[in-house]
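Notes follow the structure.
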Amino acid sequence: MSQDNQFLQGKIALVTGAGAGLGRSIALHYGNAGATIVVSDINEENGKETAALIAENGGTASFKRADVSKAADAEALVEFAVNQYGRLDIACNNAGVAPPATPLAEVSDELWHKITSVNLDGVFYGMRAQIRAMQQNNGQGGTIVNIASILGQVGFPGLGPYVATKHAIVGLTKQVAVDYASQNIRAIAVGPAFIKTGLESNLDPKSRAALDEAHPIGRMGEPEEVGAVVAAISAPTWSFVNGSYIPVDGGFLAR
Ligand code: ADP
């Protein structure tokens with residue numbers, strides 16, 4: 001662990017969906033910045049592995065399994081953080097699911113509910129529990145980072161339910177600022193473009209090239225390029241940024 005840039009020293013943070021990809025990178029960056037982390041995922045094995053990686057880097061982390069689409073799990077997760085470490089300062093709602101591309105008129109009730117229950121209900125249940133905990137921080141509040149997407153700003157062929165949930169996350173993030181800024185509770189939505197999480201290796205070369213070229217930078221992002229931003233904006237020095245949407249997209253939304 002680098003000792004020179006501990007800008008989250010003393011902070012208690014939780015990250016959902018931290019067993020893989022973006023979530024794991026965010027948790028590792030929080031750890032490197034000196035925070036104590038509750039790593040959460042529906043996948044116990046992967047989540048425990050993330051917690052172990054943080055410990056290997058010299059950080060402090062525990063794992064708590066939660067299915068974010070269940071309100072009781074979201075509440076138990078926050079309760080775990082408070083019981084274990086005394087408070088909750090930072091929460092990153094990252095867990096999400098991406099459906100196979102399906103034109104809107106072909107989307108089944110089942111697929112719609114599967115995507116909305118994790119991506120949207122999950123962020124609502126999470127934030128509701130997290131805000132209640134942050135209200136107990138003697139007026140110091142806390143920071144919530146919601147992982148939206150570039151698809152929280154624009155549509156994309158075949159991804160209707162995903163696009164709808166990500167737009168809704170951007171709206172809910174604004175609402176936290178409106179309702180809770182006066183209590184020093186702030187929320188920021190982060191909008192990654194397409195990020196290399198392994199799945200891209202299944203694409204045929206032509207589709208892969210098209211996806212790379214959709215970004216002005218000419219490539220997809222690395223999980224670390226999102227994790228570093230999420231950790232940075234969670235720092236207390238970002239106290240005046242609230243309700244914002246921050247793209248992390250290699251210029252995707254710029255054209
Ligand atoms: P990305 O890295 O692009 O965010 P991944 O699919 O690699 O996407 O990671 C998403 C993470 O969210 C996975 O670790 C997955 O297990 C987790 N996840 C998916 N559904 C849920 C859920 N209902 N509750 C908690 N975590 C979930």
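Hey, could you check region 198-207 for residues that are away from the ligand (no atom under 16 Å from the Cβ) and in a helix (DSSP H, G or I) and say which is surrounded by the most Cβ atoms within 10 Å (Cβ to Cβ)?
Checked region 198-207; the qualifying residue surrounded by the most Cβ atoms within 10 Å (Cβ to Cβ) is S207.
Tell me the residue from I188, I246, I195, I217 that is touching a residue at least 24 places away in the same chain (Cβ under 8 Å), open to solvent by 30 Å² or more (accessible area, probe 1.4 Å) and either in contact with a His (Cβ under 6 Å, 6 or more places away or on another chain) or within 24 Å of D121 (Cα to Cα) (or both), please.
Exactly one residue qualifies, and that residue is I246.
Name every residue in region 112-126 that is open to solvent by 10 Å² or more (accessible area, probe 1.4 Å) and either in contact with a strand residue (DSSP E or B) (Cβ under 9 Å, 6 or more places away or on another chain) or of a type in the set (F, W, Y) (or both), in order of residue number.
Residues of region 112-126 that are open to solvent by 10 Å² or more (accessible area, probe 1.4 Å), as a first pass: 112-114, 116-118, 120-121, 124-125.
Result: W112, F124, Y125.
Given the condition in contact with a Ser or Thr (Cβ under 6 Å, 6 or more places away or on another chain) and in a helix (DSSP H, G or I), answer yes or no: does some residue in region 122-143 qualify?
yes
Does K70 count as within 12 Å of the ligand (Cβ to nearest atom), under 21 Å from A129 (Cα atoms) and touching a helix residue (DSSP H, G or I) at 6+ places or on another chain (Cβ under 7 Å)?
So K70 does not fit the description; no.
What is the number of the single condition among (1) of a type in the set (K, R); (2) closer than 30 Å to N184 by Cα; (3) within 16 Å of the ligand (Cβ to nearest atom) that K114 does not meet?
Result: K114 passes all but (2).
With respect to the numbered conditions (1) within 13 Å of the ligand (Cβ to nearest atom); (2) assigned to a loop (DSSP other than H, G, I, E, B); (3) of a type outside the set (V, I, T), which one is the sole condition not fulfilled by F156?
(1)
Among the residues of region 1-46 satisfying the criterion of being modelled with pLDDT of 95 or more and out of contact with any helix residue (DSSP H, G or I) (no Cβ under 9 Å at 6 or more places or on another chain), which is nearest to N94 (Cα to Cα)?
Only one residue fits best here, namely N43.
Part of a strand (DSSP E or B) and of a type in the set (K, R) - does that describe any residue in region 170-188?
yes
Within the group G31, G23, which residue is within 10 Å of the ligand (Cβ to nearest atom) and in contact (Cβ under 8 Å) with a residue 24 or more places away in the chain?
Numbers: G31 fails: within 10 Å of the ligand (Cβ to nearest atom).
None of the other options fit; the residue is G23.
Looking only at region 135-184, which residues are in contact with a strand residue (DSSP E or B) (Cβ under 9 Å, 6 or more places away or on another chain), polar (S, T, N, Q) and buried (at least 21 other Cβ atoms within 10 Å of the Cβ)?
T143, N146, S149, T173
If I filter region 45-61 down to residues being free of Cβ contacts under 8 Å to residues at least 40 places away in the same chain and away from the ligand (no atom under 16 Å from the Cβ), which single residue comes out as nearest to A231 (Cα to Cα)? Reasoning before the result, please.
If we filter region 45-61 for residues that are free of Cβ contacts under 8 Å to residues at least 40 places away in the same chain, which is where we start, we get 45-56, 60-61.
When the remaining residues are screened for being away from the ligand (no atom under 16 Å from the Cβ), the result is 55-56, 60.
Values: A55: 17, E56: 19, T60: 16 Å.
In this case the residue turns out to be T60.
A quick yes/no check of all residues on (1) closer than 30 Å to I12 by Cβ; (2) modelled with pLDDT of 95 or more; (3) of a type outside the set (D, E):
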{"residue": "M127", "(1), (2), (3)": "yes, yes, yes"}
{"residue": "A148", "(1), (2), (3)": "yes, yes, yes"}
{"residue": "L151", "(1), (2), (3)": "no, yes, yes"}
{"residue": "G160", "(1), (2), (3)": "no, yes, yes"}
{"residue": "A168", "(1), (2), (3)": "yes, yes, yes"}
{"residue": "V176", "(1), (2), (3)": "yes, yes, yes"}
{"residue": "D179", "(1), (2), (3)": "yes, yes, no"}
{"residue": "I195", "(1), (2), (3)": "yes, yes, yes"}
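The values are calculated or read from the model by the stated rules, or taken from the named source; none is laboratory data. All values reported here derive from a predicted model rather than from experimental measurement. Using ideal geometry, Cβ is built from the backbone for each residue, glycine included, and neighbour counts are taken over all protein chains shown. Ligands, DNA and RNA are excluded from the accessible area calculation, which covers all protein heavy atoms including side chains. Shrake-Rupley method; radii C 1.70, N 1.55, O 1.52, S 1.80 Å.
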